[in-house]
Amino acid sequence: MILVVPVVVAVVARLAARLPLALRFAARDAARHRTRTVPAVAAVGATVAGVVALGIAVSSQEAANEAEYTPLLRDGHGSVSLSNPDTDPAAVDAVLRKAGLDDQVEAITGLRLSTDTEEMELEFRQGEEALWLSYWSGLGSPYAVGETVPDFVDIAPAARERADAVLAEGGLVLLQDPHASEGSYTLPQLDGDPVAVDVRRWSDDLPEPELAATAEAPTVLLEVSGTATVLAVFSPPVVEDLGLPTAVVGTLLAAPISDETEKDVAEALAALPGDPYFYVERGYRTPDEVRIIQAVLAALGGILMLGGTLTATFLALSDAKPDLATMAAVGARPRTRRGVAASYALVVGGVGALLGAPVGFIPGVAISQPITKDPVTGTTLLEVPWTLVGLVVVGLPLLTALAVGACARGRLPLTARID
């Protein structure tokens, strides 16, 4: 880019023939004093290139995060996780009742797998082959218990009917996150096939986990429409065979929750023992730190551009004093000097920004490729922050030119007085 700057400055001077006097003078003077202009333009261009490159990388990564986001619940609905045995479900119900949400509550019964002294872990296998499932839950346990599939599980009506039939037979329903099928591992098709459930117990007294119980049950594997909020639904006979305790592991709020209600409920639940976790589905939201990074990039780019532009402008005005004095002597108005000062800033900042922006696209695209690449499909995302690019390429040079023009002296200082 630095090698191209002198050529571009000369071309701009040639194209300035039909521009107003101030712009024409600034462009030609910049070309005439390339030793002073080129470093300033290159510095501005390098700053803009860095801001654009980092802006593209940050925006592309954020676009990839948004594309990968899958909601846990319907928009505006909420859940309360009761993973700690110290949490009193009645106290949670009282908080929800006070907030006017008691008529929308669905208590979820699940397996209690942890105590103060030990942890239980479940493994599913068909024969000797382990089954790997994907889920993300806002409840206190990934394993629900019931004679039918809970309403919050988003599956097709025909699939729900089949799952309820398996549970009625004392079976097991496994739920598959649709994203799990995108990988190299593929789950087998299960429709009433026997699947073994192994319970392994972890404890500080045991050097390795021990097999505590095993049960086999007819199983159906279903794919949910969104995220699998629970990993499996156990029928009561299977739970009895495994000898595991059950409890209310969470509460679902099946109605839209306002931001104000969310804040009040979260504060009230935070005061309860056991620290129940309250979650409300709001869709994907850009993290505050990403917005801060984008703001810092714009501010840093503005400061560096301003510094380089002002330095070059003041040096140019100092060298141009004889020319400006000649203009004043032949009747140029005071605002002409201000116009020349603003034009210097616009030429340096504008040329540097226009050169730096396309240069910044090259590393920006290169950086965004590995950080947004999907490990399964190999696809990548590219998101250009056009607002940020427009700000540093158009907005900052214009703002700098206006600031310089407003602050420049309209008249040349007297260098001598003849009495």
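Rounded to whole Å and ordered largest first, report the semi-axes of the equivalent ellipsoid of the stretch 1-104 derived from its Cα gyration tensor (root of 5λ). Display every interim value, and only then the final one.
On the way: eigenvalues 854, 52, 31 Å².
Each semi-axis is √(5λ); the values are 65, 16, 12 Å.
What is the fewest-to-most order of SER81, SER258 by other Cβ atoms lying within 10 Å of their Cβ? It would help to have the intermediate numbers written out before the result.
On the way: SER81 22, SER258 11.
Sorted ascending by nearby Cβ count, the order is SER258, SER81.
Taking Rh as the Kirkwood radius computed over C-alpha pairs, what is the Stokes-Einstein D of the chain at 25 °C in a medium of viscosity 0.890 mPa s, expressed in µm² per second? Numbers along the way, then the final one.
Details: Rh = 27.0 Å.
Calculated translational D: 91 µm²/s.
Would you mind getting me the FRET efficiency between ALA403 and VAL4? Use the beta-carbon distance for r and R0 = 25 Å, nearest 0.05.
Details: r = 28 Å, r/R0 = 1.10.
For R0 = 25 Å, the calculated efficiency reads 0.35.
Counting other C-beta atoms within 10 Å, which of HIS33, HIS77 has the fewest, and how do the rest follow? Present the calculation step by step, with values, prior to reporting the outcome.
On the way: HIS33 16, HIS77 20.
If I rank by nearby Cβ atoms, fewest first, I get HIS33, HIS77.
Return the FRET efficiency for the residue pair GLU129, ALA255: r is the Cβ-Cβ distance, R0 is 30 Å, and the value is rounded to the nearest 0.05. Can you show the working numbers first?
Values: r = 42 Å, r/R0 = 1.40.
About 0.10, to the nearest 0.05.
As a footprinting exposure proxy, order LYS373, LYS263 by other Cβ within 10 Å, with the fewest listed first. Please report the intermediate quantities before stating the final value.
Working: LYS373 14, LYS263 11.
In increasing order of surrounding Cβ atoms, one gets LYS263, LYS373.
Can you give the local net charge around ARG14? Use residues other than it whose beta-carbon is closer than 15 angstrom to its beta-carbon, Lys and Arg +1, Asp and Glu -1. Could you put the intermediate results ahead of the total?
Values: positive: ARG18, ARG24, ARG28, ARG32, ARG34; negative: ASP29.
So the surrounding residues net to +4.
Mind jotting down the three principal axis lengths of the stretch 78-120 based on Cα atoms? Whole angstrom, largest first.
Over the stretch 78-120, Cα extents along the principal axes are 37, 16, 14 Å.
What would the Debye formula give as log10 I(q)/I(0) at q = 0.10, 0.11 Å⁻¹ for the alpha-carbon point model of the stretch 76-179, no solvent?
Computed log10 I(q)/I(0) values: -0.37, -0.45.
What is the Cα convex hull volume of the stretch 78-280 when expressed per residue in Å³?
Values: hull volume 26.7 nm³, N = 203.
Output value, Cα hull per residue: 131 Å³.
In the chain, if the dipole is taken from +1 on Lys/Arg beta carbons and -1 on Asp/Glu beta carbons about the Cα centre, which of GLY395, VAL347, ILE56 is farthest to the positive end?
It is VAL347.
Go through THR115, LEU272, SER203 and say which Cα lies farthest out towards the positive end of the charge dipole of the stretch 78-280; charges sit on Cβ, +1 for Lys and Arg, -1 for Asp and Glu.
LEU272
In the stretch 41-176, if the dipole is taken from +1 on Lys/Arg beta carbons and -1 on Asp/Glu beta carbons about the Cα centre, which of THR47, ALA99, GLY138 is farthest to the positive end?
The Cα lying farthest towards the positive end belongs to THR47.
How large is the dipole of the chain about the Cα centre if only Lys and Arg carry +1 and Asp and Glu carry -1, each at its Cβ, rounded to the nearest 20 debye?
Computed about the Cα centre, the dipole is about 6320 debye.
What length, rounded to one decimal in nm, is gained on full extension from THR387 through to GLU208, with 0.36 nm per residue of separation minus their alpha-carbon distance?
Details: separation 179, 0.36 × 179 = 64.44 nm, distance 5.57 nm.
Working it through step by step, the gained length comes to 58.9 nm.
P(r) for the stretch 242-310, please, calculated from all Cα pair distances in 10 Å bins and given in %.
14, 25, 21, 17, 13, 7, 2, 1
Every read-out reported here was derived from the displayed coordinates using simple, explicitly stated rules and does not represent laboratory data. It should be emphasised that the depicted structure is a prediction, and the values quoted were computed from it without experimental measurement. Ideal geometry is used to build each Cβ from the backbone, glycine not excepted, and the neighbour counts take in all protein chains shown.
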